[in-house]
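Written out below as structure tokens is the structure these notes cover.
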């Protein structure tokens, strides 16, 4: 009899435990389900890139500009050890004319790309690329100026890619223009907003960009440091950019570390651009 009572007591206890568990799980299930759903949602939602979207007006909307770019490199250029710099000064106006003047210690390594074998015989002090309604002209300045009118439409592509306008437009594309506002400053007497762009976020966004040029630039990089972007406080367009990268930079056939500094020195100044006398009888190649 005693054994029967123990069995009944155990049975009743188990029923009570099951009933209590049923009540607890019934109450907890909605909360558990909601928590699980939230976790799954977090796992399936891409992590947003760091920083806020920086509102920018494209420099393409400016009627004319003067700008500079400096590229410092340390690595290999076309498979050979290279350490030095290239500097480009850009002038554009509202008459469809522009001039890019390129100087620097590495100029001789790339001058032959746009001037041909004749230019490769000496080291130029500077190279000027003129874009005018009549076409493209390259003036290589050494012992005497040599004006070349390239036949190939992409003969100056390497130097074109290094122009301040081209680089600034790419590096401040809407796909990568995300950052943290540091504060209000003055740059060259102009009020600006100073932003810092997260390097890792820039790299991730560039590699997924819809812009083929920006995506190719990002895919060729190994790493990107945080960059400084200065935006005109009134006009909303970028006026300066400073960034450091490691990887391959195709326009220079370069691989290694490189720094880029870009600055707009004049906006809507409409500086005249005229071909020099050496281009009255250019060499066609």
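None of the figures in this text is laboratory data; all of them are computed from the coordinates on show. Here the structure is a predicted model, which means the values were calculated and not measured. For neighbour counting, all protein chains shown are included, and Cβ atoms are generated from backbone atoms with ideal geometry for every residue, glycine included.
Overview of results
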| item | result |
| --- | --- |
| Burial order of peptide ranges 84-91, 140-147 (average beta-carbon count within 10 Å, highest first) | 84-91, 140-147 |
| Fewest-first ranking of 103, 271, using other Cβ atoms within 10 Å as the exposure measure | 271, 103 |
| Burial ranking of peptide ranges 238-246, 189-197 (average Cβ count within 10 Å, highest at the top) | 238-246, 189-197 |
| Ascending count of other beta-carbon atoms within 10 Å, so fewest first, for 265, 248 | 265, 248 |
| Relative contact order computed over segment 52-267 (Cα-Cα under 8 Å; 6+ residues apart), in percent | 23 percent |
| Per-residue Cβ neighbour rank within 10 angstrom, fewest leading, 225, 134, 255 | 134, 225, 255 |
